[in-house]
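Undergrad: Quick one: the structure is below, questions incoming.
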Amino acid sequence: MLFQFLANPCHGRCRNEELQLCRQLVERFPSGQLMIQHIFKEEVMRVNRIRLAFVVVVVCLLHMPIDGVSAPTGAYSAGMRAGDSINGEDTEQYDIFVARELPWRRQFASGWSLGSLCELSVNVLNRDEEDGLSASLSTDLVLTSPQHKVVYFAGVGVGAMEDSVLGDYDFGGPLFFLSHAGVRLPLSSIFSVAIRLSHQSNGSIYDKNPSLNLAQIELRFTF
């Protein structure tokens, strides 16, 4: 019951027996009070980040042009991403990236278009208050709806970590492969916001092959 209570600190309603159990533990083990406070703080911060991401998406949806936007004229784009792991890895990742459209593109009679781009990203990972660096190179397929109302994308890539051990989590080795997919909402001809889900692992080229699965919010500028 204690772990269920600690994992849901912001529900607002907790059973009396769960609160009583926490009080008994604190009274019996005073040194454990700091640990419980730390767990509460970490979980509340995580929930607040999720709420902030939700607010950003809602605000962007409210400001999204109903009739679409004009097509971007630039071949280059740059931006940033931030997000948390979604499969228990307890790791955050922040990205800065630059991308360039590739020459291949196909336009369909329905108004949809399929293009491609190449992206270079530098990433900061955080786990257990320890930071690590990684870099990746990926290629995306980009499916754009008529009038550029919405953009779907998916891609694969390869990357390397500065250190394959982050906190108490061992990624197995410095090299990794990644795949990702998401949806992007153009808010103007130069600015868009996206939600991206990604997976990375080393493909069993090392003895250990843990994965990192992320949900991220992306801000992108095209120029």
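Undergrad: Taking strands (runs of 3 or more DSSP E) that do not extend beyond region 75-149, which have at least 1 residues that are among the polar types (S, T, N, Q) and under 13 Å from the mean Cα position of the chain (by Cα)?
TA: It comes to 76-85, 92-107, 113-127.
Undergrad: Specify the residue that is modelled with the lowest pLDDT; the eligible residues are those in region 103-125 that are among the hydrophobic types (A, V, I, L, M, F, W, C) and farther than 26 Å from Met161 by Cα.
TA: Trp104
Undergrad: Restricting attention to region 158-179, and to residues there that are touching a residue at least 40 places away in the same chain (Cβ under 8 Å), in a strand (DSSP E or B) and crowded, with 20+ Cβ neighbours inside 10 Å, which single residue is nearest to the chain's Cα centre (by Cα)?
TA: Leu178
The values are calculated or read from the model by the stated rules, or taken from the named source; none is laboratory data. What you see is a predicted model, and the numbers here were worked out from it, not measured in a lab. Note: ideal-geometry Cβ built from the backbone for every residue, glycine included; neighbour counts use all protein chains shown.
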